[in-house]
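Visitor: Handing you a structure now.
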Amino acid sequence: MKNDAPPYDPYDQPPPWWTHHVDALYTLAVFVATIVLTVIAFPPYKVPEFAYAFAAPALFWAYERPRFKRFAFTVLGANGVAWTIILGWLHHVTWLGLFLLGPVVGVWVGSWYLIAWWAMPRMLGRNALERILSVFGLAGAWVVIEWTRTWLLSGFPWLPLAASQWDRVTILQIAAYTGAWGVSFVLIAMNIGFAAYAHRLLREGKSGLQRRSQEFFACLFLLIVCVTVHVQETFNRGQFTVPLGRISFVQPNIPQDIKWDASKGPHILRVLERGTLVAGRAYPDLILWPEASTPWAVRGDPQVKSWIESLVRRAGHPLLLGSIGIDHPGTPKEAWYNGIFLVTPQQGLQPEFYAKRHLVPFGEYVPFRSVLGWLNKVVPVGGDFTPGKGPRTLLVPFPQGDIPFGSLVCYEDIFPDLAVQDVRAGAQVLFVASNSGWYGKSSEAMQQMTHSVLRAVETRRPVLRCGNNGWSGWIDEFGNVRGYVHNEAGSIFLRADATLNITRDSRWIGRESFYVKHGDWFVLLSAGLATLAYALLRMERKPKPAADAAAEDDASDAP
């Protein structure tokens, strides 16, 4: 019987299964990569280098012109998951708050990727200058979105991209000129540059010198500028170091579940007393306590005031502490403040104090109480706190004279404008009193500390931090962590005290940084770059003869 079947051809096989599922695989790969790289770029993980490439997979995919709905659901979903993981410490207070805030911040940050989806394909085929301007415009859009997080919906600028580099001070020094916005600009620009280079290599079929991406090298140049600023600012720094004084950090590590239990009040006072008297034996020039350290108001409660003044006289050294202040107690004008107070052995509790300016919604007050009054606060203190009316420096006595301290309470150090206001008001040192006890032994303490690093560089002021259970220590004017409270295993979560020698850079005493003087000028520049890039990418490219287009491309990629 004759067989009419064609001979077997081993190459005549159906295409691999994955060729039918390219879109799904791209979606899954970008979704997973965006989550993983975003999360590990920030503390507690110690690989900040991933901040240079965390967005690159999604940006490369944007070049491929995926459908908008697929791209939007992927990047917004990935950022929602990533930020829920990053803010996971919030579950110690409220699971509902975590699953509301995490996705909101994720969508807020992720909205930038939607801009990139529109812009990236439109960059293809343009000359080098247009591509570079488009990259800078995209980076500017990222900065503007980060800036909106400082004020929109009362503000929650937790972990700007710059915070990922808290222990990479080389790139941070530009913040003294641009604010942390400049660091974020460089980092996101590098992400775009990596994506552009990868697309040029893998999709555009270039060869030789044409394989080089001019936009990538423009972003690399920005990184080199940061290194140059670092060398200029920190060169020969040792000869300008002068002592500020010896400062003791008392970290009481009071569990949050007993913090406001009146029956535990005497125990808390004994813990503070023991720590302060031990610290006093080290002959410090100043002792620090954390936020809301006393279980009762140091201002407004005569017994607590008398107790703390007696303790400071016994210790023999000034005390700067966080506590509650009450004005006009028992009257219709009664007002509660979350504040910073100064107590000296000679004069007792000083009448001037700092009142926290930026209160935590649903933690220290209920916003729109007339509408949302049925919602309870997280903090078990009756009524709402009253916000302070502005910066107020406290004159702390040192052997060389009084030194004005600017104060920030807890998460106020995530708002750059508050630190700037303090320095403009004359602060030579910034003090941050915090209570991370709400969040247990979580990454929150380290994440919050990264903002103090940014504030130190932006203002060129030493930052002293004292927390209930960490992070307590000090950061110099260039963002270097110079000392902190920890045990032999390196844990910051403990009851302890430490006395550290604090120094200052004489070049910055009484001098304001460019950022302090000029504020958020870089945000305006970023908005201008974003607008320019939008206008540029909306313009249709005129078709050119193939020979002319090739010659132009060669010229733009020449050395």
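Visitor: So which residues in the range 390-400 are assigned to a strand (DSSP E or B) and over 14 Å from VAL242 (Cα atoms)?
Guide: If the condition is that a residue be assigned to a strand (DSSP E or B) and over 14 Å from VAL242 (Cα atoms), then LEU394, LEU395, VAL396, PRO397 are the ones that fit.
Visitor: Tell me, yes or no, whether the range 321-333 has at least one residue that is touching a strand residue (DSSP E or B) at 6+ places or on another chain (Cβ under 9 Å), part of a loop (DSSP other than H, G, I, E, B), surrounded by 18 or more Cβ atoms within 10 Å (Cβ to Cβ) and of a type in the set (D, E, K, R).
Guide: no
Visitor: Any chance the range 478-485 includes a residue that's of a type in the set (Val, Ile, Thr), in a helix (DSSP H, G or I) and surrounded by 22 or more Cβ atoms within 10 Å (Cβ to Cβ)?
Guide: The answer is no; no qualifying residue exists.
Visitor: Could you list all residues from the range 343-367 that are of a type in the set (Val, Ile, Thr), in contact (Cβ under 8 Å) with a residue 24 or more places away in the chain and in contact with a helix residue (DSSP H, G or I) (Cβ under 6 Å, 6 or more places away or on another chain)?
Guide: Passing the criteria: only VAL343.
Visitor: Quick one: is ARG131 charged (D, E, K, R), more than 21 Å from GLY182 (Cβ to Cβ) and touching a Lys or Arg at 6+ places or on another chain (Cβ under 9 Å)?
Guide: The answer is no for ARG131.
Visitor: A follow-up question, please. Pairs under 9 Å by beta carbon, first residue more than 23 Å from TRP158 (Cα to Cα) in the range 63-86, partner open to solvent by 10 Å² or more (accessible area, probe 1.4 Å) and acidic (Asp, Glu), six or more apart or different chains?
Guide: PRO66/ASP23; ARG67/ASP23; ARG70/ASP23
Visitor: Give just the number: which of (1) modelled with pLDDT under 95; (2) surrounded by 24 or more Cβ atoms within 10 Å (Cβ to Cβ) does TYR439 not satisfy?
Guide: (2)
Visitor: Sticking with this structure for a sec: Can you tell me which residues in the range 230-280 are polar (S, T, N, Q), assigned to a strand (DSSP E or B) and open to solvent by less than 60 Å² (accessible area, probe 1.4 Å)?
Guide: Within the range 230-280, SER248, GLN251 meet the criteria.
Visitor: So which residues in the range 402-417 are in a helix (DSSP H, G or I) and either over 18 Å from the mean Cα position of the chain (by Cα) or free of Cβ contacts under 8 Å to residues at least 24 places away in the same chain (or both), if there are any at all?
Guide: none
Visitor: In the set ALA162, ALA218, ALA176, ALA198, which member is open to solvent by 10 Å² or more (accessible area, probe 1.4 Å) and under 18 Å from SER526 (Cα atoms)?
Guide: Just a single option satisfies the conditions, and that option is ALA218.
Visitor: Looking at (1) under 26 Å from TRP438 (Cα atoms); (2) under 32 Å from the mean Cα position of the chain (by Cα), which one does PRO284 not meet, given that it meets all the others?
Guide: Failing condition for PRO284: (1).
Visitor: Same structure again: Scanning the range 74-100 for residues that are open to solvent by 60 Å² or more (accessible area, probe 1.4 Å) and either polar (S, T, N, Q) or at pLDDT below 95 (or both), which turns out farthest from TRP112 (Cα to Cα)?
Guide: HIS92
Visitor: Only one of PHE71, PHE50 is in a helix (DSSP H, G or I) and open to solvent by 10 Å² or more (accessible area, probe 1.4 Å). Can you tell me which?
Guide: Result: PHE50 is the single residue among PHE71, PHE50 that is in a helix (DSSP H, G or I) and open to solvent by 10 Å² or more (accessible area, probe 1.4 Å).
Visitor: Looking at THR170, is it open to solvent by 10 Å² or more (accessible area, probe 1.4 Å) and not in a helix (DSSP H, G or I)?
Guide: It is false that THR170 is open to solvent by 10 Å² or more (accessible area, probe 1.4 Å) and not in a helix (DSSP H, G or I).
The values are calculated or read from the model by the stated rules, or taken from the named source; none is laboratory data. Everything numeric here is computed off the predicted structure, so don't read it as measured data. All Cβ positions, even for glycine, are placed from backbone atoms using ideal geometry, and neighbour counts span all protein chains on display. The accessibility values were calculated without ligands, DNA or RNA, using every heavy atom of the protein model including side chains. Shrake-Rupley method; radii C 1.70, N 1.55, O 1.52, S 1.80 Å.
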